[in-house]
Amino acid sequence: MTKRAFLEKVAAKNPNQPEFLQAVNEVVESIWDVYEANPIFQDANILERLVEPERVILFRVPWVNDAGEIEVNRGFRVEFNSAIGPYKGGLRFHSSVNLSILKFLGFEQIFKNALTTLPMGGGKGGSDFNFRGCSDGEIMRFCQSFMTELQRHIGFRTDIPAGDIGVGAREIGYLFGQYKRIRNEFTGVLTGKGLNWGGSVIRPEATGYGTVYFANEMLKHVEDGFEGKRIAISGFGNVAWGAAIKVNELGGKVVTLSGPDGYIYDPDGIRDEKINYMLMLRSSNNDIVAPYAKEFPNATFYPGKRPWEVPCDVALPCATQNELDKKDAEMLIKNNCKCVAEGANMPSTSEAVTVFGKAKLLYAPGKAANAGGVATSGLEMTQNYMGLAWTREHIDKELHQIMIRIHEQCVEYGRIDDKYVDYQRGANVAGFLKIANAMVDQGVV
Ligand code: NDP
Ligand code: 2IT
């Protein structure tokens, strides 16, 4: 089959799933020559099997709100691929959640988890539940109802969910409590747990830390570093927060953050108590960053705009998918941005990625640059299996080493010449080879 025929077949089989098709196209474009050069993969029909989830679970989540009314949400778990380990990946609670978004996230997770070098398959789940305006009791009842169904499909050797947008420590706590109550077992079935009940230090910071460790490797590869650089970050959630802390530690200056209402430009740098303020904004459940400019008057709030118009040396998109388009990419290049490392999953549109490629800007896709979150989840699983709790120093060192190893894999498979690495190709090919070989070994399943 030709590449075009393959992509047309996937598109015909998955109508109304634009995000999933976007993720598949990006991978297939990168790996097709490797696929064609390996008759073993073709004989085993690896690609057609890879784009089909092993299992998709879709369920009703009924719950009672504070007014005594019954609300109904939709719950999902996409168990995408278990060739190299049990399904592993986050849960997203956001009003935009649908099958296309969860399939794209699950598909990306397969490659990301393979790159971590840890034995984890790929999965993703969530619900179209929106916690804005909900009381704590409502969030708890929703989580309990969600887990009442999900628990029969997951397990610490089968499928290990974690957080993502809208699912943080609070939600993981309620989900874990309900799992334990129904199954009568205390296991590491979820990651991102509280520190005094099986959680791992550094897990909250891990995605952002890892993204900055990865970007630092990209810069080091061209004999540069974070010292004195201006960094534009989007989002103000968990990932953006961890990235902001680590950028400051490495001597960079964070000049932006953003939310659905617009972005903040702070010429003095977002550091110290301003980073804690970010956390307060996030936990207020108000979904806005505008108050930052009132609290710190040297900063300016730009309503309805994205941070990519601010001159910067490094851009770290850490909010959500497709938040950086072709125009934004052109603006970054015009302003001499050197490096884009994705803290979020698929934040750059396909057109933006093409613009980066043509300009030979250093660009790393989320599956490589944000793998530190799930890698640290993998370390949490290992601690749970062993019944141990490692120290902060130990885990930070492991995380750092893992990000260096992911960078090395990208360079191995994506090196174009002495100066330029195509990280998109490197990440996709390295991840694909590992998964495809495991699938061949395990026969037609
Ligand atoms: P959070 O819920 O903590 O934060 C997400 C941030 O993005 C929030 O500020 C959110 O605001 C904002 N956001 C959502 N939609 C938009 C939008 N359309 N425009 C602008 N901002 C928006 O989630 P995380 O920080 O955990 O996740 C951020 C990204 O990182 C996601 O792509 C996620 O998949 C990815 N990721 C997360 C990992 C983790 O361990 N948490 C690991 C690897 C990747 P709001 O929700 O109010 O709309
Ligand atoms: O996108 C991701 O990698 C995550 N949301 C983290 C998944 C995990 O299992 O820790």
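Asn336: part of a loop (DSSP other than H, G, I, E, B), more than 24 Å from Gly225 (Cα to Cα) and out of contact with any strand residue (DSSP E or B) (no Cβ under 8 Å at 6 or more places or on another chain), yes or no?
Spelling it out, it is not the case that Asn336 is part of a loop (DSSP other than H, G, I, E, B), more than 24 Å from Gly225 (Cα to Cα) and out of contact with any strand residue (DSSP E or B) (no Cβ under 8 Å at 6 or more places or on another chain).
Every residue in region 180-221 that is more than 27 Å from Leu316 (Cα to Cα) and of a type in the set (Asp, Glu), please. Across region 180-221, the qualifying residue is only Glu185.
Looking for whichever is at pLDDT 95 or above and not charged (D, E, K, R) here; the options are Gly237, Gly269. Which one fits?
Of Gly237, Gly269, the one residue that is at pLDDT 95 or above and not charged (D, E, K, R) is Gly269.
Within region 174-194, the set of residues being of a type in the set (A, V, I, L, M), over 22 Å from Ser95 (Cα atoms) and within 16 Å of ligand 1 (Cβ to nearest atom) comprises just one member, Leu190. In the condition set (1) in a strand (DSSP E or B); (2) surrounded by fewer than 24 Cβ atoms within 10 Å (Cβ to Cβ), Tyr385 is compliant with all but (1).
If you filter region 355-374 down to residues that are part of a loop (DSSP other than H, G, I, E, B) and near ligand 1 (Cβ under 9 Å from one of its atoms), you find that the one that is farthest from Ile406 (Cα to Cα) is Asn370.
The sole residue among Glu171, Glu223, Glu227, Glu217 that is of a type in the set (D, E, K, R) and either assigned to a strand (DSSP E or B) or within 11 Å of ligand 1 (Cβ to nearest atom) (or both) is Glu171.
In region 156-197, which residues are more than 14 Å from ligand 2 (Cβ to nearest atom) and among the aliphatic types (A, V, I, L, M)? Ile182, Leu195, listed by residue number. The numbered conditions (1) within 13 Å of ligand 1 (Cβ to nearest atom); (2) closer than 26 Å to Leu102 by Cβ are all true for Thr148 except (1).
Could you list, in sequence order, the residues of region 206-229 that are surrounded by 24 or more Cβ atoms within 10 Å (Cβ to Cβ) and of a type outside the set (Ser, Thr, Tyr)? Hits for region 206-229 are Ala206, Gly208, Gly210, Val212, Phe214, Ala215, Asn216, Met218. The residue list Glu36, Glu52 contains one member that is under 22 Å from the mean Cα position of the chain (by Cα), surrounded by fewer than 16 Cβ atoms within 10 Å (Cβ to Cβ) and closer than 27 Å to Gly414 by Cβ, which is Glu52.
For Met403, the requirement of being at pLDDT 95 or above and surrounded by fewer than 23 Cβ atoms within 10 Å (Cβ to Cβ) is not met. The residues on offer are Ser350, Ser377, and the sole one that is closer than 23 Å to Pro260 by Cβ, out of contact with any Cys (no Cβ under 7 Å at 6 or more places or on another chain) and small (Gly, Ala, Ser) is Ser350. None of Phe41, Phe20, Phe93 is more than 20 Å from the chain's Cα centre (by Cα) and either surrounded by 17 or more Cβ atoms within 10 Å (Cβ to Cβ) or hydroxyl-bearing (Ser, Thr, Tyr) (or both) except Phe41.
Looking across region 78-128, the residues that are touching a Ser or Thr at 6+ places or on another chain (Cβ under 9 Å) and among the basic types (Lys, Arg) come down to Lys88, Arg92. Considering only residues in region 55-88 that are among the charged types (D, E, K, R) and more than 14 Å from Phe146 (Cβ to Cβ), the one that is nearest to the chain's Cα centre (by Cα) turns out to be Lys88. The conditions of being without any contact (Cβ under 8 Å) to a residue 24 or more places away in the chain and either under 30 Å from Thr158 (Cβ atoms) or touching a strand residue (DSSP E or B) at 6+ places or on another chain (Cβ under 9 Å) (or both) are met by Leu388. Go through region 230-251 and give me each residue that's surrounded by fewer than 24 Cβ atoms within 10 Å (Cβ to Cβ) and in contact with a Lys or Arg (Cβ under 7 Å, 6 or more places away or on another chain). Listed by number, the residues that qualify are Arg230, Asn248. Of the residues making up region 123-138, those that are within 13 Å of ligand 1 (Cβ to nearest atom) and surrounded by 24 or more Cβ atoms within 10 Å (Cβ to Cβ) number 4.
Yes/no matrix, rows are residues, columns are (1) buried (at least 18 other Cβ atoms within 10 Å of the Cβ); (2) touching a Cys at 6+ places or on another chain (Cβ under 8 Å); (3) not small (Gly, Ala, Ser):
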site	(1), (2), (3)
Met140	yes, no, yes
Cys143	yes, no, yes
Glu149	no, no, yes
Pro161	yes, no, yes
Val167	yes, no, yes
Gln178	yes, yes, yes
Arg181	no, no, yes
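Scan region 230-243 for residues that are assigned to a helix (DSSP H, G or I) and within 13 Å of ligand 2 (Cβ to nearest atom) and the total you get is 3.
Of the set (1) more than 16 Å from ligand 2 (Cβ to nearest atom); (2) crowded, with 17+ Cβ neighbours inside 10 Å; (3) closer than 28 Å to Val353 by Cα, all apply to Gly304 but (2).
Per the listing Thr207, Thr191, the residue uniquely assigned to a loop (DSSP other than H, G, I, E, B), closer than 28 Å to His407 by Cβ and out of contact with any Leu (no Cβ under 8 Å at 6 or more places or on another chain) is Thr191.
The values are calculated or read from the model by the stated rules, or taken from the named source; none is laboratory data. Every value quoted in this text rests on a predicted model; they were computed, and no experiment measured them. Glycine gets a Cβ as well: all are built from the backbone with ideal geometry, and neighbour counts include every protein chain shown.
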